[in-house]
Amino acid sequence: MNPHEKTKDELIEELEELYQKHEALKKSYENTITKNIQAEEVLRENQELFRKALDLGVVGMATTHPYTFYFLSANKRLCEMVGYTEEELLQKTWAEITFPKEKVDEDSANVLKLLRGELNGYVMEKQYQHKDGHMIDITLSVQGVTKKDGSIDYILILADDITQRKLAEKALREASEYSRKLIETSLDALVTISAEGKITDVNAATEKITGLSREMLIGSDFSDYFTEPDKARSGYLKVFEDGQVIDYPLAVRHASGKVADVLYNASVYRNEQGEVIGVFAAARDITQRKQTERELIIAKEKAEESERLKSAFLANMSHEIRTPMNGILGFAELLKEPNLSGDEQQEYIKIIEKSGARMLNIINNIVDFSKIEAGLMNVALKDTNINEIIEFVYTFFKPQAEEKRMQLFIRNSLPIEATTIRTDREKIYSILTNLVKNAIKYSNEGVIEVGCTKKGNYLEFSVKDSGIGIPKERLEAIFERFIQADITDVEARQGAGLGLSISKAYVEMLGGKIWVESELAKGSSFYFSIPYNIEKGEENIDQKVVPRDSEKYLMKNLKILIADDDEISNKLVSLTVKDYCKEIIETKNGVEAVKICQQNPDLDLVLMDIQMPDMNGHEATRHIREFNNKVTIIAQTAFGLSGDREKAINAGCNDYITKPINRSELNTIIQKHINNHSAID
């Protein structure tokens, strides 16, 4: 429609519509302006809040120009790190505070890559120089901030001060090196083991105990080096269950095959998240300690056994001494009965003699054993006829064997020319006597055989019987002291339990050995060997007593001094020698003995007791020899210890006899010396 053709009302309506649109546009514009103003205010407020946030941050933050590296902004934390104010930093480039300077080139190269789009960002550690000159370590996180067109607007830098961390790491590293030195000098084997059971590290002690190098051990299964791998693995698993293991016993096998006992201690170690990542273990070598413990246990058992045997020995010894004493005292009392027949008297006297001989044998064994234990027993080597000893033993024991209806034989293969050797005659005799006496004691019937044969450079003696035999479990101990006293079965026999122990000591003194073969109810065979020594030494020939008519005269007219403080001994000796004495003088001390010898130069014989009051027999003899070398002096003593005979001879005595004095032996000694004296005269 042509506008000119519109009505007035239509035009007014159109104008009103245009006005409303204008008002709407005006209002919309005003709203837009308001919103822009509000947005600017919000942005300004946000920028202030962001700035505050930056300044409150624990991380240093800055922006720099992408090409000049000049600071565009810096937060409070960064300013504190480097010691500059933000205004001062805005006058500097990032490169000006970098140390060392070669890091600037590295930084520039990385920024260039950012500008080219080759990097989105990078992280690096650098040192920066504080305003006061000291160095600080910083970790940088660098990133480019782009415009809408994708070009770099500015560089955003986040900086974290790691100076203290670096110092801590250095201290930790130094501490680690120190700890490593401590670990390497440890006497215990120290090992770290992974959760899979593989060795990750070891110290020098581990190399020593296994015999393998560190390189060979690392990466291997830790259980491979124990004698019981399953037990080792079980202990390892127990560490994970309980957190630790204390004093877990294991045995480590050395590369050479040698085994060492160890106590295994271990505990888990964790990562920063608290997860168990392995085990730290220590193994202490206790081989020597266990050996010492075993030795102590054995020593304790031996001491207890020795104490038990001693107790048994003392109980048995009490029985052994009281039994013959009962025979001696009991039958001595019966001899007082007025109506005894001659046969009864002789029977009682034989019992007393037999009991006395038994007790003397016990005492001799105790004395000999004491000498051996004290190291006072000496070996007296001299030419010895072995055949004579065997024949003497045979003659002596034959009646005893026959009393038990047993047969005693000699099986000797030594030719006459090989029968004399250089050894200790008395010890050979004592050994054979003990063995034959035991054979008779522990046999009820059958045969006993004594033999000797030459085997190489040794003589081998044997005493075989068909007696009760010895249990196998006692064969090793039969030569130990007091063993007889410990036998509690029905086959136990009288005896102190010292005979075989003494025999063993004698054999070893002579350079030989002794052993036994036995079977229960079938008998025993004892053997001992000694060196076959035929080297000649000084002759030790005793003067033999040759009966002559003149002896009757000499033995009938002796003048004898008996010096003994024991009244019974004095009386016994007086009764022994009275038949061939014209005069007997008695005294009870050494001082009087010397005076009597001075007053009686015609004395033929002095029987000198060694142990007397005022002056002992040795000293009295020395004084007598100062003025009289002619008189015969025979020492008599109840001691009978090793070296007593030599002491008596050195003091000036002519001979020596031990108590209790055997009448026949005393007469033989007196006769020998009186005859020799007469021959000299």
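For the stretch 225-250, which positions are out of contact with any helix residue (DSSP H, G or I) (no Cβ under 8 Å at 6 or more places or on another chain), small (Gly, Ala, Ser) and surrounded by 15 or more Cβ atoms within 10 Å (Cβ to Cβ)?
If the condition is that a residue be out of contact with any helix residue (DSSP H, G or I) (no Cβ under 8 Å at 6 or more places or on another chain), small (Gly, Ala, Ser) and surrounded by 15 or more Cβ atoms within 10 Å (Cβ to Cβ), then GLY235 is the only one that fits.
In this structure, is GLU460 modelled with pLDDT of 80 or more and closer than 25 Å to PHE397 by Cα?
On the way: modelled with pLDDT of 80 or more: yes; closer than 25 Å to PHE397 by Cα: yes.
The answer is yes for GLU460.
Condition test on LEU575, is it out of contact with any Gly (no Cβ under 8 Å at 6 or more places or on another chain) and open to solvent by less than 60 Å² (accessible area, probe 1.4 Å)? Spell out the reasoning first.
Values: out of contact with any Gly (no Cβ under 8 Å at 6 or more places or on another chain): yes; open to solvent by less than 60 Å² (accessible area, probe 1.4 Å): no.
No.
Just one of GLU48, GLU87, GLU106, GLU23 is in a helix (DSSP H, G or I), at pLDDT 65 or above and open to solvent by 90 Å² or more (accessible area, probe 1.4 Å); which is it? Full working, then the answer.
Numbers: GLU48 fails: at pLDDT 65 or above; GLU106 fails: open to solvent by 90 Å² or more (accessible area, probe 1.4 Å); GLU23 fails: open to solvent by 90 Å² or more (accessible area, probe 1.4 Å).
Selected residue: GLU87, the only one of GLU48, GLU87, GLU106, GLU23 that is in a helix (DSSP H, G or I), at pLDDT 65 or above and open to solvent by 90 Å² or more (accessible area, probe 1.4 Å).
Any idea which of (1) of a type outside the set (Asp, Glu); (2) modelled with pLDDT under 90; (3) open to solvent by less than 50 Å² (accessible area, probe 1.4 Å) is the one ILE448 doesn't satisfy?
(2)
Is it the case, given these coordinates, that ILE514 is aliphatic (A, V, I, L, M), modelled with pLDDT of 90 or more and either open to solvent by 20 Å² or more (accessible area, probe 1.4 Å) or on the phi > 0 side of the Ramachandran plot (or both)?
Yes: the conditions hold for ILE514.
Within the stretch 331-365, count every residue that is of a type in the set (D, E, K, R), more than 18 Å from LYS441 (Cα to Cα) and in a helix (DSSP H, G or I). Walk me through how you get there before you give the answer.
Here is the first cut: in the stretch 331-365, the ones of a type in the set (D, E, K, R) are 333, 336-337, 343-344, 347, 350, 353-354, 358.
Remaining after also requiring more than 18 Å from LYS441 (Cα to Cα): 333, 336-337, 343-344, 347, 350, 353.
Then keep just the ones that are in a helix (DSSP H, G or I); that gives 333, 343-344, 347, 350, 353.
Matching residues across the stretch 331-365 total 6.
Right, VAL447: over 44 Å from the mean Cα position of the chain (by Cα) and part of a strand (DSSP E or B) or not?
On the way: over 44 Å from the mean Cα position of the chain (by Cα): yes; part of a strand (DSSP E or B): yes.
In short, yes.
Filter the stretch 401-435 down to residues that are assigned to a helix (DSSP H, G or I), touching a residue at least 12 places away in the same chain (Cβ under 8 Å) and either of a type in the set (Asp, Glu) or more than 17 Å from GLY469 (Cβ to Cβ) (or both), then give me how many there are. Can you show your working first?
Step one: of the stretch 401-435, the residues assigned to a helix (DSSP H, G or I) are 401-403, 416-418, 425-435.
If we keep only those that are touching a residue at least 12 places away in the same chain (Cβ under 8 Å) as well, we get 401, 416, 418, 425-435.
Pick out the ones that are also either of a type in the set (Asp, Glu) or more than 17 Å from GLY469 (Cβ to Cβ) (or both) and you get 401, 416, 418, 425-434.
The total comes to 13.
Return only the number of the condition from (1) surrounded by 18 or more Cβ atoms within 10 Å (Cβ to Cβ); (2) over 41 Å from the mean Cα position of the chain (by Cα) that ILE416 does not satisfy.
It is condition (1) that ILE416 fails.
So in the stretch 582-595, with the set limited to residues that are touching a residue at least 24 places away in the same chain (Cβ under 8 Å) and not β-branched (Val, Ile, Thr), which one is most open to solvent (accessible area, probe 1.4 Å)?
So in the stretch 582-595, the residues touching a residue at least 24 places away in the same chain (Cβ under 8 Å) come out as 582-594.
From what is left, the residues that are not β-branched (Val, Ile, Thr) are 582-583, 586, 588-590, 592-593.
Numbers: LYS582: 130, GLU583: 76, GLU586: 101, LYS588: 110, ASN589: 30, GLY590: 0, GLU592: 77, ALA593: 0 Å².
The qualifying residue most open to solvent (accessible area, probe 1.4 Å) is LYS582.
For the stretch 656-665, indicate whether the set of residues that are touching a helix residue (DSSP H, G or I) at 6+ places or on another chain (Cβ under 9 Å), open to solvent by less than 80 Å² (accessible area, probe 1.4 Å), of a type in the set (Lys, Arg) and closer than 22 Å to ILE366 by Cβ is non-empty.
Yes, the conditions are met somewhere in the stretch 656-665.
Could you go through the stretch 472-483 and let me know if any residue there is in contact with a Lys or Arg (Cβ under 8 Å, 6 or more places away or on another chain), at pLDDT 80 or above and surrounded by 22 or more Cβ atoms within 10 Å (Cβ to Cβ).
Among the residues of the stretch 472-483, not one is in contact with a Lys or Arg (Cβ under 8 Å, 6 or more places away or on another chain), at pLDDT 80 or above and surrounded by 22 or more Cβ atoms within 10 Å (Cβ to Cβ), which makes the answer no.
Could you say which residue among ASP247, ASP230, ASP201 is part of a helix (DSSP H, G or I) and of a type in the set (Asp, Glu)?
Working: ASP247 fails: part of a helix (DSSP H, G or I); ASP201 fails: part of a helix (DSSP H, G or I).
Step by step, each of ASP247, ASP230, ASP201 is checked, and only ASP230 is part of a helix (DSSP H, G or I) and of a type in the set (Asp, Glu).
When the residues of the stretch 204-227 are narrowed to those that are part of a helix (DSSP H, G or I), in contact (Cβ under 8 Å) with a residue 12 or more places away in the chain and more than 30 Å from the chain's Cα centre (by Cα), which ends up nearest to GLY257 (Cα to Cα)?
LEU217
Quick check on the stretch 449-479: of everything there that is in contact with a Gly (Cβ under 9 Å, 6 or more places away or on another chain) and polar (S, T, N, Q), which residue is farthest from ALA439 (Cα to Cα)? Steps first, please.
Let us first name the residues in the stretch 449-479 that are in contact with a Gly (Cβ under 9 Å, 6 or more places away or on another chain), namely 458-469.
Filter once more, so that each one left must be polar (S, T, N, Q): 462, 466.
Numbers: SER462: 11, SER466: 8 Å.
Per the stated criteria, the residue is SER462.
Just the residues that are outside any strand (DSSP E or B), open to solvent by 80 Å² or more (accessible area, probe 1.4 Å) and within 25 Å of GLY243 (Cβ to Cβ), please, taken from the stretch 261-295.
GLU272, GLN273, GLU275 - these are the residues of the stretch 261-295 that are outside any strand (DSSP E or B), open to solvent by 80 Å² or more (accessible area, probe 1.4 Å) and within 25 Å of GLY243 (Cβ to Cβ).
Search the stretch 193-216 for residues being touching a Phe, Trp or Tyr at 6+ places or on another chain (Cβ under 8 Å) and surrounded by 19 or more Cβ atoms within 10 Å (Cβ to Cβ), and hand back the single one that is nearest to ASN271 (Cα to Cα).
ILE193
Can you name the residue in the stretch 323-377 that is at pLDDT below 85, surrounded by 12 or more Cβ atoms within 10 Å (Cβ to Cβ) and of a type in the set (S, T, N, Q) and, of all such residues, is nearest to the chain's Cα centre (by Cα)?
SER370
Would you pick out the residues in the stretch 300-309 that are surrounded by 12 or more Cβ atoms within 10 Å (Cβ to Cβ) and either within 23 Å of GLU347 (Cβ to Cβ) or modelled with pLDDT of 70 or more (or both)?
The initial filter retains those residues of the stretch 300-309 that are surrounded by 12 or more Cβ atoms within 10 Å (Cβ to Cβ), namely 305-306, 308-309.
Matches in the stretch 300-309: GLU305, SER306, ARG308.
Name the single residue that is nearest to TYR67 (Cα to Cα) among those in the stretch 126-142 being part of a loop (DSSP other than H, G, I, E, B) and out of contact with any Phe, Trp or Tyr (no Cβ under 7 Å at 6 or more places or on another chain). Explain how you work it out, then say what you get.
Our first condition is that a residue be part of a loop (DSSP other than H, G, I, E, B); within the stretch 126-142, this holds for 130-134.
If we keep only those that are out of contact with any Phe, Trp or Tyr (no Cβ under 7 Å at 6 or more places or on another chain) as well, we get 130, 132-134.
Values: HIS130: 24, ASP132: 28, GLY133: 27, HIS134: 28 Å.
It comes out as HIS130.
Open to solvent by 30 Å² or more (accessible area, probe 1.4 Å), out of contact with any helix residue (DSSP H, G or I) (no Cβ under 8 Å at 6 or more places or on another chain) and part of a strand (DSSP E or B) - does that describe any residue in the stretch 115-125?
Within the stretch 115-125, one or more residues are open to solvent by 30 Å² or more (accessible area, probe 1.4 Å), out of contact with any helix residue (DSSP H, G or I) (no Cβ under 8 Å at 6 or more places or on another chain) and part of a strand (DSSP E or B).
The values are calculated or read from the model by the stated rules, or taken from the named source; none is laboratory data. No experiment lies behind these values; they were computed from the predicted model shown. Note: ideal-geometry Cβ built from the backbone for every residue, glycine included; neighbour counts use all protein chains shown. Note: areas computed on protein heavy atoms with side chains; ligands, DNA, RNA excluded. Shrake-Rupley method; radii C 1.70, N 1.55, O 1.52, S 1.80 Å.
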